[in-house]
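Beneath this line is the structure, given in structure tokens, with notes to follow.
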Amino acid sequence: MNEVLEKIQKIGIIPVVVLNDAKDAAPLAKALCDGGLPCAEVTFRTDAAEESIRIMAEQFPNMLVGAGTVLTTDQVDRAVAAGAKFIVSPGLNPKIVRYCVEKNIPITPGTTNPSDIEQAIECGLEVVKFFPAEPAGGINMIKAMAAPYTNMKFMPTGGINASNLKSYLDFPKIIACGGSWMVKGDLVAAGKFDEIEKLTREAVQSMLGFELAHVGINANSDDEAGNTASAFEKMFGFTSKEGNSSYFAGTGVEVMKTPYKGTNGHIAVSTNYIDRAVSYLEMLGYEFDMSTAKYDAKNNLKAVYFTGEVGGFAVHLVQK
């Protein structure tokens, strides 16, 4: 995929923003970035859109800013000149799509049926918008349409919120979802950017779904590890099971046969989407030891350790 689309995929949620006054652009951008979503699709249906994109792009250079509801080639030019890195349109207008493709501008046009998908393929696109997502059949419609078009990926928007987000993102053909529930117009108009930041952070945490998976204890021998696991079984009924390098007591306690990472052991935290979690945590300044990364048969990341320790424990992420 295009580099911009790859970034969108790592972010996972694209806030769809309507701004009626450009003065709100900077505080809104800050709220989104601080909340963990350094991205915005600024709809081009208000007079403030062009200037808002310019302000966001200039004052927040690490933010991925795009233009939505783009209906003409003139709007494409104005949006890109203002700093937009991607274009989104509600429908598939072949003229606009080809114009963007010729200029190497990432565009995700709106689609709702197989005919739209085939036009997108004819234009050379890899990703399309699915809009309006919920009224047009939701995730079941996307799955049905995706079946014959094996290489096409989707970015659904419309009716998506915190309660149904995961049902969309769990489908591997979906790179990200557009949503406006964290940037509601009344909150922007009232200047409640602290509330927007809070809702944004909640959206990210809901998407990533961090949970404690297990705690690892470093033992010095096979016998010590087995005895420790057996102790948890006797105390709490956590069934002890031997593996190649460790014993598990239930699913929450792992005892290493020989000392492994961490002064005291390790802590595993599971997540819904490990690639997005890594990207999010790196944005916060955390580092990962990629030499510890483990992959599945399809070369998808399934586990990786952070660098350093927390309270004497190494910490690693694991894909749910």
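The values are calculated or read from the model by the stated rules, or taken from the named source; none is laboratory data. Owing to the predicted nature of the structure, the values given are computational and were not obtained by experimental measurement. Neighbour counts run over all protein chains shown; Cβ positions are idealised from the backbone, glycine included. All accessible areas refer to the heavy atoms of the entire protein, side chains included, with ligands and DNA or RNA removed. Shrake-Rupley method; radii C 1.70, N 1.55, O 1.52, S 1.80 Å.
When Lys298, Lys261 are checked against the criterion of being exposed (fewer than 13 other Cβ atoms within 10 Å of the Cβ), out of contact with any helix residue (DSSP H, G or I) (no Cβ under 9 Å at 6 or more places or on another chain), of a type in the set (D, E, K, R) and outside any helix (DSSP H, G or I), Lys298 stands alone in meeting it. When every residue of segment 179-196 is checked against the conditions, none turns out to be surrounded by fewer than 21 Cβ atoms within 10 Å (Cβ to Cβ) and closer than 21 Å to Asp275 by Cβ.
Considered as a group, the residues in segment 232-246 that are within 21 Å of Phe313 (Cα to Cα) and open to solvent by 40 Å² or more (accessible area, probe 1.4 Å) include one that is nearest to the chain's Cα centre (by Cα), and that residue is Ser245. The single condition from (1) touching a residue at least 12 places away in the same chain (Cβ under 8 Å); (2) surrounded by fewer than 22 Cβ atoms within 10 Å (Cβ to Cβ); (3) of a type in the set (S, T, N, Q) that Ser163 fails is (1). Filtered by the rule that a residue be among the aliphatic types (A, V, I, L, M), out of contact with any Phe, Trp or Tyr (no Cβ under 8 Å at 6 or more places or on another chain) and touching a residue at least 24 places away in the same chain (Cβ under 8 Å), segment 218-260 gives Ala219, Met256. Checked against the criterion of being under 27 Å from Pro38 (Cα atoms), of a type in the set (Phe, Trp, Tyr), open to solvent by 20 Å² or more (accessible area, probe 1.4 Å) and part of a loop (DSSP other than H, G, I, E, B), segment 285-294 contains one or more residues that satisfy it. If you go through segment 120-158 and keep only what is farther than 15 Å from Val88 by Cβ and basic (Lys, Arg), you end up with just Lys143.
Would you be able to say whether some residue in segment 115-123 is open to solvent by 50 Å² or more (accessible area, probe 1.4 Å), of a type in the set (Asp, Glu) and in a helix (DSSP H, G or I)? Give the derivation first.
Within segment 115-123, the first condition is being open to solvent by 50 Å² or more (accessible area, probe 1.4 Å), and the residues that meet it are 115, 118-119, 121-122.
Still in the list and also of a type in the set (Asp, Glu): 118, 122.
Cutting the leftovers down to in a helix (DSSP H, G or I) gives us 118, 122.
Yes, segment 115-123 has at least one match.
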